[in-house]
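Just so you know, all these numbers are worked out from the coordinates, no wet-lab data involved. Predicted model only: the values in this text are computed from it and were never measured. Please note: Cβ atoms are built from the backbone with ideal geometry, for glycine as well, and neighbour counts cover all protein chains shown.
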């Protein structure tokens, strides 16, 4: 368990892991800028457009913070949120739909959306590992899982 804890800590401070996380956050940001129609466009309905804006700003903040900042635990938590938030939005917008936003219902395999989902899943997984989420599984429980 100590070795795993060290592995999670090593990932959270590893330059390569932080660089990958920053690139994933920027890719998520870039995909949402393209999906919105560019930096000057705002997606309809307004709450979706402003949600995209908040995600775009947060993605850039995560990329810079995770590479340069202190309190990296908070940066990894924000990175997880930057990835998990759009994943939830993807499922809701393609499944039941959102209020005043039904354009994407059933559109699960749109290439831009799939590209975003892959980056979001990778970033959630990397952030979870860096935060030590997987360390919580005890050796006995791990044996039962196998």
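Ranked from largest, the principal axis spans of the Cα set of region 2-145 equal 49, 38, 22 Å. I'd like the distance separating the alpha-carbon centroids of region 69-94 and region 17-34, in whole Å. Result: 11 Å between the Cα centres. Exposure proxy ranking for 64, 124, based on other Cβ atoms within 10 angstrom of each Cβ and starting from the fewest, stands as 64, 124.
Each 10 Å bin from 0 upward holds the following percent of the Cα-Cα pairs of region 63-113: 24, 35, 22, 19, 0. Of the three principal axes defined by the Cα atoms of region 29-73, the extents in descending order read 36, 17, 13 Å.
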